[in-house]
Structure formats: C-alpha cells, structure tokens
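Enquirer: Let me begin by handing over the structure; questions about it come next.
Derivation of every value follows stated rules applied to the coordinates shown; laboratory data play no part. These figures come from a predicted structure and were not determined experimentally. Using ideal geometry, Cβ is built from the backbone for each residue, glycine included, and neighbour counts are taken over all protein chains shown.
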Amino acid sequence: MTLKPVKKRCIGPSRRLAKWLRLKLEAEGIKKPNHWLRKVFGSFVAVEHGMLASSRALGHSTIVVTEKVYVGLPGGGPTAHVI
C-alpha cells in the first residue's frame with residue numbers, strides 16, 4: 001500500500017497565498033518580501049522566546065549566525081514596523 005503525500009493538496013492554495021502576500025508587500029515598497037518576512041519572524045521569536053529558539057526555528061547552524069543577523073537591527077528590526 002502506498003500513501004499519497006499530504007503536501008499535494010495544499011501546494012496550490014499556499015502558492016496563491018504566497019504570491020498574493022508578495023504582491024501586497026511589494027506594493028508597500030518592500031523590495032525583498034520573503035527576506036523581510038523571515039526577518040520579522042526571526043525577530044519576533046527572538047524577542048518572545050529567546051535567541052536559541054529563533055536560531056532553531058530559522059534553521060541556522062549556530063546561534064552566532066542568528067545573533068549576527070538579528071541583534072542590533074536599526075529601528076528595532078522589522079517587527080517594529082509590524083507592531
């Protein structure tokens with residue numbers, strides 16, 4: 001018995017959502033929306049749960065990589081624009 005991958009059912013809707021979100025953020029003047037969203041997510045997790053949790057959630061090899069990117073972002077980082 002072979003199992004069908006669950007992912008196939010949600011590829012269409014998730015791609016449409018990603019495209020819609022990318023177009024909306026580009027309309028707001030954000031040049032690289034995927035990178036911007038990743039930084040928002042990483043910043044939020046770092047503030048709420050700590051740098052180690054952020055490092056693991058983002059898949060960084062070490063916490064040092066996360067600290068270089070998310071510590072000391074100007075203006076409070078991307079989450080300052082969202083909140």
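Enquirer: What is the spin-label model distance, in nm, from H35 to V64 if the labels are put 7 Å beyond Cα along the C-beta direction?
Expert: 2.3
Enquirer: Mind listing the phi-derived Karplus ³J(HN,Hα) values for the stretch 49-55, rounded to whole Hz, using 6.51, -1.76 and 1.60 with θ = phi - 60°, and x for any glycine or proline?
Expert: Per-residue couplings from phi come out as 10, x, 5, 5, 5, 5, 4 Hz.
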